[in-house]
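Asks: The structure follows.
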Amino acid sequence: MRSASATTRPKAFADRLSEHRVPVKEAKKRLRDIGDVLKYAPKPADKSTVRRYYAILRRQLGLPERCDNEACRFFHEPLIWNSKPFKPILDHINGNCKDSSESNLRYLLLAPTEY
């Protein structure tokens, strides 16, 4: 059983919080077109956003999530090492992180060298 003081503490704490609340605007979910994210931009999109939109593009094109280096063993095999899945790294081919165009992106792996 709970004591009387234990049940009153959360309410008192909630009352104190409500006194100091600042109105928060509702976050509007902004959906962007793939072309608005995967392009050259002086101020690049967030890395996680580029990664998410690149994954969407690959699914739309029917490309699996795999290493894009044909010499890599994970070009043909599933991305599993020691019974654990791992994610490929999103690489900018020309090294310019501002150029997130589709033709400049690829998946690579930092996999152990012992096969």
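Taken together, the values in this text are just the output of simple stated rules run on the coordinates, not laboratory data. Please read all numbers here as calculations on a predicted model, not as lab measurements. Backbone-built Cβ (ideal geometry, glycine too); neighbour counts: all protein chains shown.
Asks: Whole-Hz Karplus ³J(HN,Hα) for the stretch 47-55, in order, using 6.51 cos²θ - 1.76 cosθ + 1.60 and θ = phi - 60°, x for Gly and Pro?
Replies: Each residue's phi maps through the Karplus curve to give 4, 5, 5, 4, 4, 5, 5, 5, 5 Hz.
Asks: Still on this model: List the residues, sorted by chain then number, that are 5 or more residues from Arg106 or on another chain and whose placed amide H is less than 5 Å from its amide H.
Replies: Asp91, Ile93
Asks: As an exercise, use a Förster radius of 25 Å and the Cβ-Cβ distance of Glu102 and Asn82 to find the FRET efficiency, rounded to the nearest 0.05.
Replies: On the way: r = 32 Å, r/R0 = 1.29.
According to the calculation, E is roughly 0.20.
Asks: In addition: Please list, ordered by chain and number, the residues whose modelled amide H lies under 5 Å from the amide H of Ser101; skip anything fewer than 5 residues away on the same chain.
Replies: When sequence neighbours closer than 5 places are left aside, the close amide H contacts are Lys39, Tyr40.
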